[in-house]
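First up is the structure itself, then whatever we jot down about it.
The values are calculated or read from the model by the stated rules, or taken from the named source; none is laboratory data. For clarity, every value in this text was computed on a predicted model and none was experimentally measured. Here the Cβ is made from the backbone with ideal geometry for all residues, glycine too, and neighbour counts use every protein chain on show.
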Amino acid sequence: MAGAAGLAAAVAFGAAGGFFLWVWALGRMTPTRVVVFLALNPLAATVLAAWLLAESVTASFLLGLACVLAGIFDCLDRVQHMFKSHNPEVVH
């Protein structure tokens, strides 16, 4: 029972924390930029599991991490270029 309560608390606080950070980011960035970071949720969960629960991190995970990060940076770069091309007077 204690394990189930711990799991429920972790899920509840994790969801609440994630939602708070999502709303906080939306107040400071455009939704287009914020949505890109949704892909980091599974990666953050895996890193936290490795750190807090001593889960193993494999080479395939690291390769996947590199691919996801490359995609995020590529997407952010494209969004920034699109924004600048539509609003040339805006300085970032």
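Worth a mention:
- For the chain, the helices (runs of 4 or more DSSP H) that sit wholly inside it and include 3 or more residues that are exposed (fewer than 12 other Cβ atoms within 10 Å of the Cβ) and either of a type outside the set (Val, Ile, Thr) or at pLDDT below 75 (or both) are 2-26, 40-53, 59-86.
- A search for C-beta distances below 7 Å between a residue of the range 42-61 that is farther than 21 Å from Ala15 by Cβ and any residue that is polar (S, T, N, Q) and surrounded by 12 or more Cβ atoms within 10 Å (Cβ to Cβ), counting only pairs 6+ apart in sequence or on different chains, returns Phe61/Thr46.
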